[in-house]
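The values are calculated or read from the model by the stated rules, or taken from the named source; none is laboratory data. What you are looking at is a predicted structure, and each value in this text was computed from that prediction instead of being measured. Please note: Cβ atoms are built from the backbone with ideal geometry, for glycine as well, and neighbour counts cover all protein chains shown.
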Amino acid sequence: MIIGLTLVFLLVSPFTSSLLGKISYVQEAINPVDPVSVSADVPSLNLTYTTRTLSTATPVHSGDVIAGDHVTIKTEWKPAVNNSRLEVRAPAIPSTLIMDENQSTLEMDTRFLGNNATCTIIASTQLVNGTVMSIEFLDVYIGNFFMPIVQVISPNGGENWTSLHNITWTATDGNADDTLLFDVMYSDDSGASFETLVESTNKTWFEWDCSGLNMGNYTVKVRATDGIYYSFDLSDAEFSAGTVPTTTPTPTTTTTPTPTDPGIESRALAFVAILLFSSAIMALVVYYAARKWF
């Protein structure tokens with residue numbers, strides 16, 4: 001009977017060692033306990049994170065959502081181990097970060113994943129007996145990148161612009177190192193379509209000469225990007241801009257008389273002169289004939 005129990009123990013001892021690792025993971029993720037109570041050969045893992053604005057090390061568990069500017073994951077094995085490995089997998093990007101050092105503590109800046117994603121964090125170490133122990137933290141959402149926030153300051157509704165004016169806006173981003181670029185547009189159909197005034201400017205103002213526009217109602221749109229995410233803002237209400245078109249008077253048409261032929265005019269004058277002369281002669285003849293008879 002004793003011999004049989006001994007054989008059973010020897011057969012299941014590798015499984016027992018693996019089970020201890022699983023037990024250590026479950027207990028550490030829920031309520032850290034002294035691993036010595038489980039096995040003197042199994043070290044405990046402390047997994048935490050910090051950000052630029054969160055300097056206090058905060059524990060990480062499966063299913064957590066951790067976010068900030070430069071989320072830094074830290075693994076610390078106690079008692080100290082000769083080597084450790086930290087792996088962060090983000091299959092949706094896809095991207096994987098790996099650190100493998102001969103030390104007990106590792107720190108990894110997860111911003112190098114390149115985007116926000118739900119990740120699997122795997123911490124590993126080699127025990128004194130040569131066994132590799134790995135602990136997985138599943139479905140940990142790591143957010144390093146924030147959407148920029150932009151707000152149009154002017155024009156914001158009710159203005160009347162007829163010449164040079166500055167379109168102005170403000171913008172913020174949760175990532176201190178990001179350089180924001182802006183596109184500036186305007187609409188004359190209440191936002192149904194937009195015309196671009198400038199693209200990819202890093203300024204927060206644009207000088208707009210609206211004197212060439214026909215007087216009407218307009219809306220301004222400013223779009224911001226950090227290279228990954230986009231956001232935009234519109235003027236709160238429409239404003240008027242442009243110049244009133246002047247009415248061009250219809251030119252007056254004058255009719256120039258067609259010049260007459262000089263030859264025709266001379267003959268007509270000669271005819272009139274002859275007619276007058278003949279009439280005078282006839283008048284004299286009638287006059288003298290009348291005197292003779294009377």
Is the stretch 14-33 home to any residue that is surrounded by 15 or more Cβ atoms within 10 Å (Cβ to Cβ) and at pLDDT 90 or above?
no
Going by the structure shown, is Ala224 surrounded by fewer than 17 Cβ atoms within 10 Å (Cβ to Cβ) and either in contact (Cβ under 8 Å) with a residue 60 or more places away in the chain or under 13 Å from Asp236 (Cα atoms) (or both)?
no
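So is Asp100 closer than 21 Å to Thr51 by Cβ, acidic (Asp, Glu) and either under 27 Å from the mean Cα position of the chain (by Cα) or assigned to a strand (DSSP E or B) (or both) or not?
Values: closer than 21 Å to Thr51 by Cβ: no; acidic (Asp, Glu): yes; either under 27 Å from the mean Cα position of the chain (by Cα) or assigned to a strand (DSSP E or B) (or both): yes.
Answer is no for this residue.
Residues are listed down the side, and each one gets a yes or a no for (1) within 25 Å of Thr48 (Cα to Cα); (2) not assigned by TED's automatic domain parsing to the domain that holds Lys78; (3) not in a strand (DSSP E or B):
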site: Ile121; (1), (2), (3): yes, no, no
site: Ser124; (1), (2), (3): yes, no, no
site: Gly130; (1), (2), (3): no, no, yes
site: Leu138; (1), (2), (3): yes, no, no
site: Thr168; (1), (2), (3): no, yes, no
site: Asn175; (1), (2), (3): yes, yes, yes
site: Asp189; (1), (2), (3): no, yes, yes
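Restricting to the stretch 47-97, count the residues that are among the β-branched types (Val, Ile, Thr), touching a Phe, Trp or Tyr at 6+ places or on another chain (Cβ under 8 Å) and part of a strand (DSSP E or B). Please lay out each step first, then the result.
To start, the set of residues in the stretch 47-97 that are among the β-branched types (Val, Ile, Thr) comprises 48, 50-51, 53, 56, 58, 60, 65-66, 71-73, 75, 81, 88, 93, 96.
With the extra rule that they be touching a Phe, Trp or Tyr at 6+ places or on another chain (Cβ under 8 Å), the set shrinks to 58, 60, 65-66, 71-73.
In the following step, the residues that additionally are part of a strand (DSSP E or B) were identified as 58, 65-66, 72-73.
Going through the stretch 47-97 one residue at a time, the tally reaches 5.
Out of all the residues in the stretch 135-157, is one or more within 17 Å of Asn46 (Cα to Cα), among the polar types (S, T, N, Q) and touching a Phe, Trp or Tyr at 6+ places or on another chain (Cβ under 9 Å)?
Going through the stretch 135-157, the residues within 17 Å of Asn46 (Cα to Cα) turn out to be 135-138, 140.
Now narrow it down to the ones that are among the polar types (S, T, N, Q): none.
No.
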What is the residue count in the stretch 80-117 for residues that are buried (at least 16 other Cβ atoms within 10 Å of the Cβ), of a type outside the set (A, V, I, L, M) and in contact with a strand residue (DSSP E or B) (Cβ under 6 Å, 6 or more places away or on another chain)?
7
In the stretch 199-241, anything more than 21 Å from Asp173 (Cα to Cα) and of a type in the set (A, V, I, L, M) is listed as Leu213, Met215, Val220, Ala237, Ala241
Six or more apart or on different chains, Cβ atoms under 8 Å: show the pairs whose first residue is in the stretch 111-137 and within 30 Å of Asp177 (Cβ to Cβ) and whose second is part of a helix (DSSP H, G or I) and among the polar types (S, T, N, Q).
Cys119/Thr110
Conditions: (1) more than 18 Å from the chain's Cα centre (by Cα); (2) touching a residue at least 60 places away in the same chain (Cβ under 8 Å); (3) over 30 Å from Thr75 (Cβ atoms). Leu234 meets all but one. Number of the miss?
(1)
